[in-house]
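Student: Sharing a structure below in structure tokens format, with a few things to ask.
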Amino acid sequence: MYPERVLSGMRPTGAMHIGHYHGALVNWVRMQAEYPCFFMVADWHALTTSYDEVAVIGESVWEMLIDWLAAGVDPNQATIFIQSRVPEHAELTLLLGMATPLGWLERVPTYKDQIEKLSHKDLLTYGFLGYPLMQAADILVYRASMVPVGEDQVPHIEFTREIARRFNYLYGREAGFEEKAREAMKKLGGKRAKLYDEVRTRFQQNGDEGALEQGRALLADAQSLSMGDRERLFGYLEGSRKLILVEPQARLTAAPRLPGLDGAKMSKSYGNSIAMREEPAELTRKIRTMPTDPARVRLTDPGDPELCPVWPLHRIYTDEATHQWVQSGCRSASIGCLDCKQPLIDALLKEQQPIRERAQVYLDDPTLLRNIVADGCDKARKVAQDTMRDVREAMGLDYS
Ligand code: SF4
């Protein structure tokens with residue numbers, strides 16, 4: 001019913017590192033050629049944890065956007081926008097909040113997890129508890145059908161689906177809908193009507209997605225139904241009359257694990273990252289001084305690439321022949337660690353050169369970037385406004 005659409009976003013963290021590049025941006029560039037994509041700077045999300053450090057947000061937003069464009073995100077293919085410039089996100093968050101049980105928010109796995117991890121901050125705030133709901137609104141306001149995520153984000157998409165389902169259930173009904181749907185069911189014929197009723201109960205009571213698919217297939221096959229009855233029965237099956245909000249699918253992205261210079265998770269705040277646009281001399285220095293397998297004290301000591309933080313970088317950046325050279329050279333101590341690092345340095349410099357060149361265009365002319373983003377915000381806002389028109393109507397707020 002609604003077109004395929006992808007929504008993805010990032011909190012503004014300033015200049016991006018190669019972990020962001022390989023973990024998300026490479027995938028965005030691939031997806032923008034396949035689907036209409038909406039890429040969002042989640043600046044309001046930054047406030048949910050950094051509400052007391054607002055000075056850096058603006059600068060971080062523009063720096064991050066330059067890296068998106070430098071990575072190959074194409075404003076002619078994708079819509080690039082800033083969340084806070086599309087106030088419909090806030091309106092939908094507020095309206096969805098009216099019917100969101102508190103328990104749903106409290107049981108989102110990342111909630112307690114993050115509070116523990118960021119224990120130096122007071123995150124017992126309304127904003128932080130509500131961030132999964134704002135994330136749901138970010139997705140639903142574009143009726144996005146797909147959201148690229150890593151494993152840890154899947155519960156958030158499931159939460160979004162529950163929110164959409166509840167909304168459609170509460171607000172997507174018409175007067176006398178049930179009676180009309182039951183009448184339409186009779187037109188399916190005895191056996192089919194019975195099966196329809198069974199799969200509907202299985203889906204609505206147990207959330208059985210297989211039953212939902214079975215019900216949809218059954219309706220698609222039923223020749224005897226009018227368009228109106230068919231739509232009614234699709235809605236009755238899913239628990240709503242009209243699909244106002246679309247339940248998105250999580251699209252798992254297999255992002256390569258890219259550790260930092262010290263082998264821990266790559267993060268700018270840990271000081272162990274390589275920027276997407278690192279100065280060549282600095283990039284070379286960083287790799288050359290990376291720690292290696294501690295067993296390799298002398299050149300003649302054999303090592304094990306699996307115990308060395310340089311190896312995962314090789315796996316991403318160098319070819320199969322180099323991998324074999326590293327594996328046998330390291331284990332037999334026939335190559336030194338600086339020899340081993342050189343092809344990696346060369347590959348990184350080669351990857352980063354065109355990225356630096358593309359970024360320079362926006363650094364030289366900041367207006368260009370501002371215009372691209374302003375256009376993206378306008379486009380995003382139009383789509384969000386369409387959704388909000390239906391949402392307001394469904395919630396009885398379109399009165400005059
Ligand atoms: S030779 Fe390469 S893989 Fe082996 S310890 Fe040195 S840097 Fe690491």
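The values are calculated or read from the model by the stated rules, or taken from the named source; none is laboratory data. Note that the structure is a prediction, hence the values are computed from the model and not measured. Using ideal geometry, Cβ is built from the backbone for each residue, glycine included, and neighbour counts are taken over all protein chains shown. Side chains are part of the model used for accessible areas, which takes the heavy atoms of the whole protein and leaves out ligands, DNA and RNA. Shrake-Rupley method; radii C 1.70, N 1.55, O 1.52, S 1.80 Å.
Student: For the chain, set up a GNM with springs between Cα atoms under 10 Å and report which of A359, A264, A144 has the largest fluctuation.
Tutor: The residue with the greatest mean-square fluctuation here is A264.
Student: Here is a follow-up. Give, in nm to one decimal, the length gained when the segment between L118 and R251 is fully stretched (0.36 nm per residue of separation minus the Cα-Cα distance).
Tutor: Between L118 and R251, full extension yields 45.1 nm more.
Student: Taking θ as phi - 60°, what are the ³J(HN,Hα) couplings along the stretch 59-70 by the Karplus curve (6.51, -1.76, 1.60), each to the nearest whole Hz, with x for Gly and Pro?
Tutor: Result, rounded to whole Hz: 4, 5, 4, 5, 4, 5, 5, 4, 5, 4, 5, 5.
Student: What's the angle, to the nearest 10 degrees (0 to 90), between helix 190-206's Cα axis and the longest principal axis of the chain?
Tutor: 50 degrees
Student: Still on this structure, please answer the following. If the convex hull of the alpha-carbon atoms of the chain is projected onto planes in all directions, what is the mean projected area in square nanometres?
Tutor: Convex hull of Cα atoms, orientation-averaged projection: 24.7 nm².
Student: What percent do you get for the relative contact order of the chain when only Cα pairs under 8 Å and 6+ apart count?
Tutor: Computed over the chain, the figure is 21 percent.
Student: Choose one answer from N76, N168, N206: the residue with the largest mean-square fluctuation in a GNM of the chain with alpha-carbon springs under 10 Å.
Tutor: N206
Student: Let me ask something else. To check my understanding: the extent here is largest minus smallest coordinate of the Cα atoms along each principal axis. What are those three numbers for the stretch 177-238, in Å, largest first?
Tutor: Computed over the Cα atoms, the extents are 28, 22, 19 Å.
Student: Sticking with this structure for a sec: Using 0.36 nm times the number of residues separating Y169 and L397, minus their current alpha carbon distance, what extension gain do you get?
Tutor: 80.4 nm
Student: Could you identify which residue out of R356, R166, R331 has the top mean-square fluctuation in a GNM of the chain using Cα springs shorter than 10 Å?
Tutor: Greatest mean-square fluctuation among the candidates belongs to R331.
Student: Percent relative contact order of the stretch 277-364, based on C-alpha pairs within less than 8 angstrom and at least six residues apart?
Tutor: About 32 percent, as a whole number.
Student: Work out, step by step, the length gained on full extension between R285 and E183: first 0.36 nm times the residue separation, then minus their alpha carbon distance; give nm to one decimal.
Tutor: Extending this stretch completely gives an extra 29.3 nm.
Student: Now a separate question. Using a 1.4 Å probe, what is the accessible area per residue for the stretch 177-238, in Å²?
Tutor: Per-residue value: 57 Å².
Student: 5 Å is the cut-off here: which amide hydrogens, built 1.01 Å from N in the peptide plane, fall below it relative to Q249, excluding neighbours closer than 5 in sequence?
Tutor: For Q249, the qualifying residues are M146, V147.
Student: Between the stretch 146-186 and the stretch 378-393, what is the separation of their alpha carbon centroids in Å?
Tutor: 19 Å
Student: Once R0 is set to 56 Å, what does the formula 1/(1 + (r/R0)^6) return for the Cβ-Cβ distance between R389 and A295, expressed as a FRET efficiency to the nearest 0.05?
Tutor: 0.30
Student: Continuing with this model, one more query. Specify the angular offset, from 0 to 90 degrees and rounded to the nearest 10, of the alpha carbon long axis of helix 320-331 from the longest principal axis of the alpha carbons in the chain.
Tutor: So the helix axis and the longest Cα principal axis differ by about 50 degrees.
Student: Right, here's the next one. On C-alpha positions alone, give me the angle between the axis of helix 337-364 and the longest principal axis of the chain, in degrees, nearest 10.
Tutor: Tilt of helix 337-364: around 60 degrees.
Student: What do the square roots of 5 times the Cα gyration tensor eigenvalues come to for the stretch 277-364, in whole Å, largest first, as semi-axes of the equivalent ellipsoid?
Tutor: 29, 13, 9
Student: Take the Cα atoms of the stretch 219-323, build their convex hull, and give its volume per residue in Å³.
Tutor: 240 Å³
Student: In addition: Provide the percentage of antiparallel DSSP beta bridges, counting only those with both residues in the chain; round to the nearest 5.
Tutor: Bridges in the chain that DSSP calls antiparallel: roughly 10 percent.
Student: For the stretch 208-270 and the stretch 33-87, write down the distance between their C-alpha centroids in whole Å.
Tutor: 25 Å
Student: Another one. Compare W44, W325, W68 by solvent-accessible area with a 1.4 Å probe and give them largest first, with all protein chains kept in place.
Tutor: Putting W44, W325, W68 in descending order of accessible area: W325, W44, W68.
Student: For the pair D208/E306, report the inter-label distance in nm, with labels modelled 7 Å from Cα in the Cβ direction.
Tutor: Simple spin-label model gives 4.4 nm for this pair.
Student: If you don't mind, there's one more thing I want to ask. Given the pairs K286/K341; K265/K341; K265/K350; K268/K379; K121/K268, which span a C-alpha to C-alpha distance of over 22 angstrom in this model?
Tutor: Result: K265/K350; K268/K379 exceed 22 Å.
Student: Give me, ordered by chain and number, the residues 5 or more places off G9 or on other chains with an amide H under 5 Å from its own placed amide H.
Tutor: Amide H to amide H, under 5 Å and 5 or more residues apart or across chains, G9 pairs with M40.
Student: Still on this structure: How large is the convex hull of the Cα atoms of the stretch 96-225 per residue, expressed in Å³ as a whole number?
Tutor: Spread over its residues, the Cα hull of the stretch 96-225 gives 139 Å³ apiece.
Student: Calculate one ³J(HN,Hα) per residue across the stretch 162-167 by plugging θ = phi - 60° into the Karplus curve 6.51 cos²θ - 1.76 cosθ + 1.60, and present them in order as whole Hz with x for glycine and proline.
Tutor: Calculated HN-Hα couplings, in order: 5, 5, 5, 4, 5, 4 Hz.
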